[in-house]
Amino acid sequence: MNGWRNYAWESVTFSGDTNVITGPNAQGKTNLLEAIYMLSTGRSFRTRFDREIVGFDFSSAELIADVYAHDRTQTIQITIRPGQAKKILVNGVRKTAGELAGTVNTVLFCPDDLNLIKEGAAVRRRLLDNAISQIRPKYAELLGEFNRLYEHKTRILKDWREKPSLLDTLDEFSDALCRVSAQLIRYRAAFTARLDEAAAPIHKEFSGDGEELSLRYATVSTVTDPFAPARDIYYQICDHQERHRQAEIDSQQCLTGAHKDDLEIIINGRSARSFASQGQTRTAALSVKLAEREIFLAETGEYPILLLDDVLSELDDARQSFVLNRIGGGQTLITCCEDENISSRTGGKVLFVEKGRIR
Ligand code: ATP
Ligand code: MG
């Protein structure tokens with residue numbers, strides 16, 4: 001790492017199991033995770049502007065990493081220079097961020113992910129969309145198509161008063177949107193079922209006292225079975241669509257389709273969104289992420305690197321101990337604030353970060 005945020009020059013070797021990155025506030029713990037995330041996705045999780053990553057006194061930021069995944073070691077090199085396109089090399093060969101994807105996979109959990117439970121449905125749909133897109137390229141394609149159709153239909157509904165002839169094409173777009181929605185819903189329902197199956201036992205152990213976590217996919221009210229063949233779902237959405245056609249025109253909004261769906265998170269039979277405590281919220285959100293990792297393993301034969309930024313606060317000792325010691329499987333990088341006892345509380349490797357240096 002060279003000129004990477006507050007790291008002037010630093011190198012580090014992680015353990016293949018648990019790594020605990022600790023130190024006082026503002027020393028570079030999250031910056032380190034950001035670097036690993038960049039190696040996996042070609043982008044930052046903190047900023048859309050790469051130039052912000054370049055160290056204040058530096059003209060460029062550079063990462064070089066040897067990564068072992070899919071039974072081989074590869075060298076990834078990323079250079080960020082303000083005003084220039086980011087340069088990504090894998091074994092010396094130039095790649096785009098898209099092509100870098102899959103070289104080494106990560107699952108990230110950062111404080112923002114707590115919103116997963118308490119915020120609006122959009123955050124949960126994004127989780128589903130990101131996760132499914134990674135393992136099902138066809139889904140990413142469908143989602144792109146859905147977004148195009150949705151935007152177009154929304155524009156028709158917004159503008160028809162000025163230009164009534166737009167309404168001539170409305171039914172065509174509605175129909176296409178129902179068709180694509182039906183497919184998205186099947187993918188999402190199937191993925192949610194897998195997530196539910198994987199998350200429940202994790203959450204039970206994590207919470208110690210055997211809390212029951214369950215996940216359910218909620219979609220357009222007329223869809224009776226989201227696992228049914230796409231054709232059946234399509235007909236059921238069309239039904240909803242026809243009933244709401246006039247309301248869509250009047251309200252100038254798209255009222256039918258997969259854009260309203262939600263992932264319901266339930267703890268001990270009650271909606272987590274309404275009733276979960278801080279610690280419960282944190283635990284459930286993390287369980288969902290850990291479940292995502294299990295699905296990744298099943299799909300690719302390999303655990304992704306798990307990046308956990310600041311997850312320990314607000315967890316009691318038992319739940320902290322679960323994170324520090326019992327996640328297991330693949331490689332895990334956990335950041336947490338300074339704690340003298342940390343070494344005695346984890347079996348993993350402890351890295352101490354201070355002012356952009358790692359010990
Ligand atoms: P916390 O425990 O508060 O989360 P942290 O160890 O995770 O702290 P980081 O988010 O990694 O801290 O940031 C550490 C420092 O990096 C901050 O003080 C910030 O000012 C500094 N920093 C951010 N961007 C740059 C940059 N481009 N160049 C130099 N320093 C930077
Ligand atoms: Mg931090």
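Each residue in region 106-127 was checked for being assigned to a loop (DSSP other than H, G, I, E, B) and in contact (Cβ under 8 Å) with a residue 60 or more places away in the chain, and 1 of them qualify.
Consider region 40-64 and keep the residues that are under 22 Å from the mean Cα position of the chain (by Cα), surrounded by 14 or more Cβ atoms within 10 Å (Cβ to Cβ) and away from ligand 2 (no atom under 16 Å from the Cβ). The one that is farthest from Leu100 (Cα to Cα) is Asp50.
Within region 260-300, the set of residues being surrounded by 21 or more Cβ atoms within 10 Å (Cβ to Cβ) and among the charged types (D, E, K, R) comprises Asp261, Arg282, Lys289, Glu292, Arg293. Counting only residues that are open to solvent by 10 Å² or more (accessible area, probe 1.4 Å), in a helix (DSSP H, G or I) and either small (Gly, Ala, Ser) or away from ligand 2 (no atom under 16 Å from the Cβ) (or both), region 16-39 holds 1 of them. Within region 205-236, the residues that satisfy the criterion of being open to solvent by 80 Å² or more (accessible area, probe 1.4 Å), part of a helix (DSSP H, G or I) and either at pLDDT 95 or above or assigned by TED's automatic domain parsing to the domain that holds Ile327 (or both) are Arg231, Tyr235. Kindly indicate the residue of region 310-328 that is surrounded by 14 or more Cβ atoms within 10 Å (Cβ to Cβ) and not aliphatic (A, V, I, L, M) and also farthest from Phe14 (Cα to Cα) among those meeting that condition. Checking each candidate, the answer is Glu314. Among the conditions (1) open to solvent by 30 Å² or more (accessible area, probe 1.4 Å); (2) in contact with a helix residue (DSSP H, G or I) (Cβ under 8 Å, 6 or more places away or on another chain); (3) not basic (Lys, Arg), the only one that Val67 does not satisfy is (1). With respect to Asn130, determine if the residue is over 24 Å from Gln236 (Cα atoms), without any contact (Cβ under 8 Å) to a residue 60 or more places away in the chain and not aromatic (Phe, Trp, Tyr). The answer is yes for Asn130. The residues of region 333-353 that are open to solvent by 20 Å² or more (accessible area, probe 1.4 Å), modelled with pLDDT under 90, in contact with a strand residue (DSSP E or B) (Cβ under 7 Å, 6 or more places away or on another chain) and within 16 Å of ligand 1 (Cβ to nearest atom), listed by number, are Glu338, Asp339.
Within region 73-105, being at pLDDT below 95 and under 23 Å from Leu333 (Cα atoms) holds for Ala97, Leu100, Ala101, Gly102, Thr103, Val104, Asn105. Please indicate, with yes or no, whether at least one residue in region 169-179 is within 29 Å of Glu294 (Cα to Cα) and open to solvent by less than 60 Å² (accessible area, probe 1.4 Å). No: region 169-179 contains no residue that is within 29 Å of Glu294 (Cα to Cα) and open to solvent by less than 60 Å² (accessible area, probe 1.4 Å). Would it be correct to say that Leu312 is free of Cβ contacts under 8 Å to residues at least 40 places away in the same chain and within 15 Å of Leu33 (Cβ to Cβ)? Taking the combined requirement at face value, the residue satisfies it.
Take the conditions (1) more than 8 Å from ligand 1 (Cβ to nearest atom); (2) over 24 Å from the mean Cα position of the chain (by Cα); Gln27 misses just one of them, which is (1).
A single entry from Leu63, Leu32, Leu39 fulfils the requirement of being among the aliphatic types (A, V, I, L, M) and within 11 Å of ligand 1 (Cβ to nearest atom): Leu32. Restricting Thr13, Thr103, Thr73 to those that are more than 16 Å from ligand 1 (Cβ to nearest atom), part of a loop (DSSP other than H, G, I, E, B), open to solvent by 60 Å² or more (accessible area, probe 1.4 Å) and among the hydroxyl-bearing types (Ser, Thr, Tyr) reduces the list to Thr13.
The values are calculated or read from the model by the stated rules, or taken from the named source; none is laboratory data. Just so we're clear, the structure is a prediction, and the values are computed from it rather than from any experiment. Ideal geometry is used to build each Cβ from the backbone, glycine not excepted, and the neighbour counts take in all protein chains shown. Heavy atoms of the whole protein, side chains included, go into the accessibility calculation; ligands, DNA and RNA do not. Shrake-Rupley method; radii C 1.70, N 1.55, O 1.52, S 1.80 Å.
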